[in-house]
Structure formats: C-alpha cells, structure tokens
1. Within the chain, what's the longest stretch lacking chymotrypsin sites (Phe, Trp or Tyr not before Pro) that sit in DSSP loops with no more than 10 other Cβ atoms inside 10 Å?
2. For the chain, with a Gaussian network of springs between Cα atoms less than 10 Å apart, report the residue from Ile210, Ile146, Ile17 with the top mean-square fluctuation.
3. Probe radius 1.4 Å, ligands and nucleic acids left out: which of Lys216, Lys2, Lys30, Lys183 has the largest accessible area, and how do the rest follow?
4. Return the lysines within reach of Lys42: Cα separation strictly under 22 angstrom, same-chain partners fewer than 8 residues apart disregarded; answer none if there are no such residues.
5. Through the Karplus equation 6.51 cos²θ - 1.76 cosθ + 1.60, θ set to phi - 60°, convert the phi angles of the stretch 117-132 into ³J(HN,Hα) values in whole Hz; use x for Gly and Pro.
6. Taking a probe of 1.4 Å, how large is the accessible area per residue of the chain, in Å²?
7. Can you tell me how much longer the chain between Gln9 and Val94 gets when fully stretched, taken as 0.36 nm per residue apart minus their C-alpha distance, in nm with one decimal?
8. With a 1.4 Å probe and every protein chain kept in, tell me what percent of the accessible surface of the stretch 108-222 is carbon plus sulfur.
Amino acid sequence: MKDIADRIQERMQVTGIKQADIQRATGAGKATISGWVKGSTKPSSEYLTPLASVLKCNTNWLLTGQGNPSDQVISSAGIANIEAIPQKIRKAPVLNWVQAGEFTDIYENGYDEYEYFYDDGYGLQVYWLHIRGDSMEPQFFEGDKILVDAERQANAGDYVIAMVDHESQATFKRFKPCGYDEKLGREYCQLVPLNEFYPIIDSRAVHINIIGVVVKHERKLI
C-alpha cells in the first residue's frame, strides 16, 4: 500500500524535482526532507502546502492518495453565498486490533505509523484501523481504512469498535441499542455484522464495552 513517501517520490520523478528544490520551497532541513522521501518521517502540517506546491500536486492527494495529483482545490472566491471553510490537518496513529483494545492516549509514544486526515470536529483521541475479514461486507472490505473517535458517544446505527468479554482484540460492528430487559433489570444492546453469515453479538450473553465510534471510511480504488 502506497504512503506519502511513495507519492513524494512519484512526484519527484514526474516533475524532475530534487531534494534541494524541496528544501528551498519548504524551508525544511536536509535531514528532514530525506526522512520524508525515505518514509522514516512524515511532513508536519506546516510543510504540506509548500511541499504540494513544489511537487505540483494537491495536498489531499499527497496526504491520502485519493483523486488525482492534478485535481484542483475548488475556490469559493467570487462565488456568492459560499464561504470558504478552512480545514485543519491532523494525524493519528495506525493501530492493530490488539492495540485498539488497549488504546488510552494518542500522545503515548511507541506507535510505528501515523496517517493524516482532515479534521471535521472529531475528538482528540482518534486512531486509524485497517479492516480485516468480511464480516462487514458489502459496506466495508478487507484493507479499507477507518478512523475511530474514542471519545464519541455511540448512537443507534453507528459503526463502533468494541471489546467483547475477555477477547484480546477489538471487533468492528454496527451498534443497536435494544431497550430494557425486564428479566435482567437493565438495558442491553447488540453488535450487528453487515454480513448475514456472521452472528449477532448480544450483551445479554456477553459483556460488551464500546471503545470508539467510526467517523471516517477510506478505500483505495486502485
């Protein structure tokens, strides 16, 4: 799977741009730029616009690989009744499914990989996961990427990340609150797979702990 370093290298080849050109355009140090190209580090938000400019591509493609490098960002200048809304670029760690179950703080050290995203009012504690298996097909496929907000309260119909009983890995399902169970004397819920060949998980039978709500879904088309 291509990352931002691959896209930087691709644009350098296409445009003939050298690392020295990137240094002049961004003001970043030689070692910093070398890290971007090799993939050992990723450019912070302050460098993204000049970096995309010198590589003759747009920042969205540079960050995510979505769309085409030459796609133009639509400007609202001169268009009545449209206000430009600046978007804040953030990064979040890419976790595996065991780490997701143990996740407590985005600011902890030790995460090997981070990916950027455009903030849309998400909480501070967010992380990426890659979909595994086919229990959430046909909406989500293996290899798709989801952004999880660990601070968001789950509502009916939300796609959630949850821990079930003593499982070591988190699970990804759709959240269905089911109301009050008179026999148990408490409310209960279900975790529903989209693939009908997988069982529904019911909190009357096992303990369920919702640990995050999916707020963004990305899929590579190629």
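1. 1-106
2. Sorting by GNM fluctuation, first place goes to Ile17.
3. If we order Lys216, Lys2, Lys30, Lys183 from most to least accessible, we get Lys183, Lys30, Lys2, Lys216.
4. Excluding near neighbours in sequence, the set is Lys2, Lys18, Lys30, Lys56, Lys88, Lys91, Lys145, Lys216, Lys220.
5. Per-residue couplings from phi come out as 7, 8, 6, 10, x, 6, x, 6, 9, 10, 7, 9, 9, 9, 5, 10 Hz.
6. 59
7. Full-extension gain reported as 28.4 nm.
8. Summing carbon and sulfur atoms, their accessible area is 47 percent of the total for the stretch 108-222.
The values are calculated or read from the model by the stated rules, or taken from the named source; none is laboratory data. Source: prediction; values computed, not measured. We place every Cβ from the backbone using ideal geometry, glycine too, and count neighbours over all the protein chains shown. Quick note on the areas: whole protein, heavy atoms, side chains included, nothing else; ligands and nucleic acids left out. Shrake-Rupley method; radii C 1.70, N 1.55, O 1.52, S 1.80 Å.
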